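Here is the structure we will look at.
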Amino acid sequence: LFSGRVDFLLSAPQLKFLPEPTVPEIAFCGRSNVGKSSLLNAITGRKAIARASVTPGRTQELNIFEVGDPTLFRLVDMPGYGFAKAPVKVVEKWKSLVKTYLRGRQVLNRTLMLVDSRHGLKDVDREMMKMLDETAVSYRIVLTKADKIKASALDAVAAKTAEEMAKHPAAFPELHITSAEKGMGIEELRAAVLGDAGV
Ligand code: GDP
């Protein structure tokens, strides 16, 4: 499917700019610089469908991509979070956009929350998990940049993350370990996304 049509549709600074909810959506979220653009590019097999990160905090919009012709589902690139110097106003705006999207978007089938393998879950990720729990949006956790740490350290982070996930009602039980750089875990994640989209 990803070898067919994958197009950027639009950036929505507010929910009213979103397309009609006619097809399933799969959303991607994570801290700024987690490797979200790289993962989206790897999953879709495109070099630069998702822009690599610009200035942290500037991309405060939902970027929508369409897959299939006619469109079968959409990928939603949510604005990155957790950058240290973000003004309160920016954080509030982010929260309101993301929360209303999660709560109100009936076609949202699954969210993928990306976590840097080297860092594991941070408090901002825990806040995100809480928001996903509260809005009853089922989510996967995807460890990124797995090529950047040793296998033993990766095992430890994966075990710790899985343990914490088990306490969250909306977390999908399986954890994904990926490297966009090396292609690790990408095929499996792609299949999971297609499954989530119901295609
Ligand atoms: P975003 O801000 O979450 O969209 O993150 P990007 O995709 O722009 O990636 C942030 C940085 O991490 C860039 O310098 C990427 O080259 C790097 N990066 C992303 N994925 C990987 C990966 O799987 N392995 C390695 N080694 N670096 C990665």
Q: Treating cross-link reach as a plain straight distance, find the aspartates and glutamates whose alpha-carbon is under 20 Å from the alpha-carbon of residue 99, omitting any fewer than eight places away in the same chain.
A: 20, 25, 61, 77, 123, 125, 127, 133, 134
Q.
What are the ³J(HN,Hα) couplings of the range 143-148, residue after residue, when phi is run through the Karplus curve with 6.51, -1.76, 1.60 and θ = phi - 60°? Round to Hz, x for glycine and proline.
A. 7, 10, 6, 4, 6, 7
Q) In the structure shown, do any of 93/150; 95/167; 85/182 have a Cα-Cα gap over 26 Å, and if so which? A) 93/150; 85/182
Q. Rounded to the nearest 500, what is the chain's calculated 222 nm mean residue ellipticity when only DSSP H runs of at least 4 contribute -39500 (n - 2.57) each, over all residues?
A. -10500 deg cm²/dmol
**Q.** Environment charge of residue 124, counting only residues whose C-beta is closer than 13 Å and scoring Lys/Arg +1, Asp/Glu -1
**A.** +1
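Compactness ratio of the range 1-155: Cα Rg over 2.2 N^0.38 Å, N = residue count?
1.01
Every number in this text was worked out from the coordinates using simple rules, so none of it is lab data. Model, not experiment: these values are computed from the prediction. So basically every Cβ, Gly included, is an ideal-geometry build from the backbone, and we count neighbours across all protein chains shown.
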